[in-house]
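Written out below as structure tokens is the structure these notes cover.
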Amino acid sequence: MNDAGFEDSEFPLTAGFVTCADEALYPKNTFKGKCKVEDKHAGSWGLPQQKDLRDGRAALHVDSRLPRSGRHSGRVWVPSATPITLGIPGHTTNLNGVSVANGTKYAVELWARSMPAGMTAQVTIGNWKTVDVTPTSPLGITSYTQYIGSATDPAPTVLSSNWTQISFEVDARIRPLVQPGSKKPTFNLRLSAAGVGAAGRFAAGSVWVDDVSIRNLTAIPDLP
């Protein structure tokens, strides 16, 4: 996967495009994007560039304060109790996460912490579905994208100010449901501040993520 430790970046603290020097390190024919001669401060990790009706104050940065390893970690500002969903990037784009193949077993691992304590992180397998709406003004949106998770997703992990490891295996026989009009299922990271504060009121805060890994453990023939 791309930039698992948030090290391929430059200040001012936003995730970076893959550079042409880095492209040669990718497995042959896996990088399908356009490399940059130098880092242009945008990219491989990021909030989906889709109209998913999230709070516009949400943001993702590369942070140099207390990374789990290396120089940097990723910090996501969650401004309200509404969860933030972002793709775990592969070698191609930041718009969607790593695609989930049928008949394949995966091992997922990452480290996370939050401030304030009590926020949650969850790796999900889901997809984005386009929902059409009738605009209420000439500048109103005509559609938005809705994230659809899987019933087999692991429970969210409650975070503290210390780095917490999140790890689990995805069974090869799980078949992510593809909704009509939606894209192929992908691995995503879902962050929430809903448990922060009294009854979730004034819920907001930052979640740091570092050392993210998705490994293909086993490939089995497709089931009938």
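The values are calculated or read from the model by the stated rules, or taken from the named source; none is laboratory data. Just so it is clear, the model here is predicted, and its values are computed rather than measured. Neighbour counts are summed over all protein chains in view; Cβ atoms, including those assigned to glycine, are modelled from backbone coordinates with ideal geometry.
Within the range 38-49, one or more residues are modelled with pLDDT of 65 or more, over 28 Å from PHE202 (Cβ atoms) and among the small types (Gly, Ala, Ser). Number of residues in the range 74-100 that are at pLDDT below 80 and small (Gly, Ala, Ser) equals 2. Scanning the range 162-188 for residues that are at pLDDT 80 or above and either within 15 Å of GLY126 (Cα to Cα) or in a loop (DSSP other than H, G, I, E, B) (or both) returns ASN162, TRP163, VAL170, ASP171, PRO185, THR186, PHE187, ASN188. When the range 65-79 is filtered for residues that are surrounded by 15 or more Cβ atoms within 10 Å (Cβ to Cβ) and either among the aliphatic types (A, V, I, L, M) or touching a His at 6+ places or on another chain (Cβ under 8 Å) (or both), the ones remaining, listed by number, are GLY74, ARG75, VAL76, TRP77, VAL78. For the residues LEU25, LEU53, the requirement of being modelled with pLDDT under 65, assigned to a loop (DSSP other than H, G, I, E, B) and among the aliphatic types (A, V, I, L, M) singles out LEU25.
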